[in-house]
Amino acid sequence: MDKLNVKVDHIYHSCFTVETDNYFLVFDYYKGNIKLKDKKTMVFVSHGHGDHFNEEIFTWGDNKKEIEYIISSDIDLKNKPENLHIVGPYEEISLGEVGIKTFGSTDLGVSFLINVDNISIFHAGDLNWWHWENDSEEDKLNEEKLFKGEVEKIKGGNIDIAFFPVDPRLGPAFYYGGEYFIKKFKPKYFIPMHFGDKFSITSDFIHRMGDISTKFVEITRKNQEFFL
């Protein structure tokens, strides 16, 4: 597999930074240690849940000119910063040489498909196959239908890096969404998220998937760096 020349830092939960040749991307920051880089910076927020969004991000632009915010339309902002781009599902925008497509969620907000420096990155936000053990069978079927319907809408070519929920609260169903997404899109790299401090779930997921072409990243701590 060809190297992407990308550095990824797992900050916490669903927050990651991605550094390419020319850009520095931040996804769904709400807490943790983060170091901005002296590159063109884009900060993405998939939705307004407290484990995906913290208004602290808007202070980052105080001393940094080249920063753009791409924020889901479900978030009601009282004070809007400069360089703000509000997006809903199924939109497409270009910021410089970066192409951004938004898709839906099975909860709030959007998911993102981004092309930056010829690298395709998908961040799912809260798009997942939410299969809760205590739900009725009807609710479980409805969640499955909703998830598969949203996944069918995702278009845009091959995916190099996919950030996708692998949530231990779902019990035995923790892998449903990720497995379905991998079989559908065959991303080069799959990076689990949305697990808080339950780092062992990333190893459980990798063992569950077995030997396939997609490469997996096992996360064992906060601020873990990966070079892809």
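What follows is calculated from the coordinates using simple rules that are stated; it is not laboratory data. None of the values given here were measured: they were computed from a predicted structure. Here the Cβ is made from the backbone with ideal geometry for all residues, glycine too, and neighbour counts use every protein chain on show.
Odds and ends about this structure:
- From helices alone, the chain scores -5000 deg cm²/dmol at 222 nm; the rule is -39500 (n - 2.57) for each run of n ≥ 4 DSSP H residues, then divide by the residue total.
- Evaluating 6.51 cos²θ - 1.76 cosθ + 1.60 at θ = phi - 60° for every residue in segment 121-135, the Karplus couplings come out as 10, 10, 10, 7, x, 9, 6, 6, 8, 7, 10, 8, 4, 8, 6 Hz, glycine and proline recorded as x.
- Cβ crowding within 10 Å ranks SER213, SER203 as SER213, SER203, fewest other Cβ atoms first.
- Burial ordering of SER105, SER72, fewest other beta-carbon atoms within 10 Å first: SER105, SER72
- DSSP beta bridges in segment 7-227 [antiparallel fraction, %, rounded to 5]: 55
- Entry note, the chain: relative contact order of 17 percent, from Cα contacts under 8 Å with a spacing of 6+ residues.
- Shown for TRP60, TRP130: other C-beta atoms within 10 Å of each C-beta, ranked fewest to most, produce the order TRP60, TRP130.
- Computed magnitude of the charge dipole of segment 7-227 (debye, nearest 20; Cβ of K, R +1, Cβ of D, E -1): 600
- Entries of LYS153/LYS215; LYS184/LYS215; LYS7/LYS35; LYS155/LYS222; LYS101/LYS188; LYS40/LYS153 with Cα pairs more than 21 Å apart: LYS153/LYS215; LYS155/LYS222; LYS40/LYS153
- Between the C-alpha center of segment 165-203 and that of segment 30-84 there is a gap of 25 Å.
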